[in-house]
Amino acid sequence: MADANNNPVYRQATGLEVNSGDAVNPSGRFFGRDIALVEPDIIADFDTAASSDVIGIYYQPDAYVINEPLGFTMRRYYDEEKNEYVTKALCVVDGKLVNPNGVWLIKKG
């Protein structure tokens with residue numbers, strides 16, 4: 001379905017832009033936010049999904065919290081081969097969904 005200028009109607013309603021990257025690293029945007037495409041064995045493609053299968057997940061980041069109990073570990077050294085300083089940081093984190101109402105499963109109708 002397209003408008004008078006031959007633009008897809010879904011693009012105007014959602015701002016959905018998929019595969020703005022290349023064939024190896026496809027990317028996209030949904031309502032102005034970056035999307036992450038996953039493998040079809042995790043979430044089925046729209047064309048292969050059956051009715052009522054999950055085809056997407058949308059979540060609010062503030063519904064998710066990160067626990068970081070150990071702090072950061074920093075290391076800095078000079079790389080003689082490249083003639084530059086290298087700074088490495090390590091932080092072990094885990095997370096948890098605190099508000100399940102902030103996650104929406106998008107299903108094929």
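Here's a check for you: in segment 45-99, which residue that is small (G, A, S) and surrounded by 10 or more Cβ atoms within 10 Å (Cβ to Cβ) is nearest to I35 (Cα to Cα)?
Of everything passing the filter in segment 45-99, G56 is nearest to I35 (Cα to Cα).
Consider P8 against the criteria (1) of a type outside the set (G, A, S); (2) out of contact with any Leu (no Cβ under 6 Å at 6 or more places or on another chain); (3) modelled with pLDDT of 65 or more: it satisfies all of them except one. Which criterion is unmet?
(3)
Criterion first (basic (K, R) and within 29 Å of S27 (Cα to Cα)) does K82 satisfy it?
So K82 fails the test.
Restricting attention to segment 29-42, which residues are touching a Ser or Thr at 6+ places or on another chain (Cβ under 9 Å) and at positive phi?
Listed by number, the list holds a single entry, F31.
How about segment 34-66: which of its residues are within 17 Å of L105 (Cβ to Cβ) and assigned to a strand (DSSP E or B)?
If the condition is that a residue be within 17 Å of L105 (Cβ to Cβ) and assigned to a strand (DSSP E or B), then I35, V54, I55, G56, I57, Y58, Y59, Y64 are the ones that fit.
Looking at I42, I35, which one is modelled with pLDDT of 75 or more and surrounded by 11 or more Cβ atoms within 10 Å (Cβ to Cβ)?
Criteria check complete, one pass: I35.
Pick from segment 70-109 the residues that are among the aliphatic types (A, V, I, L, M) and outside any loop (DSSP other than H, G, I, E, B): which of them is nearest to A50 (Cα to Cα)?
Applying the filter and picking the extreme gives I106.
The values are calculated or read from the model by the stated rules, or taken from the named source; none is laboratory data. A quick note: this is a predicted structure, and the numbers were derived from the prediction, not measured. Heads up, the Cβs are rebuilt from the backbone with ideal geometry, glycines too, and the neighbour counts pull from every protein chain shown.
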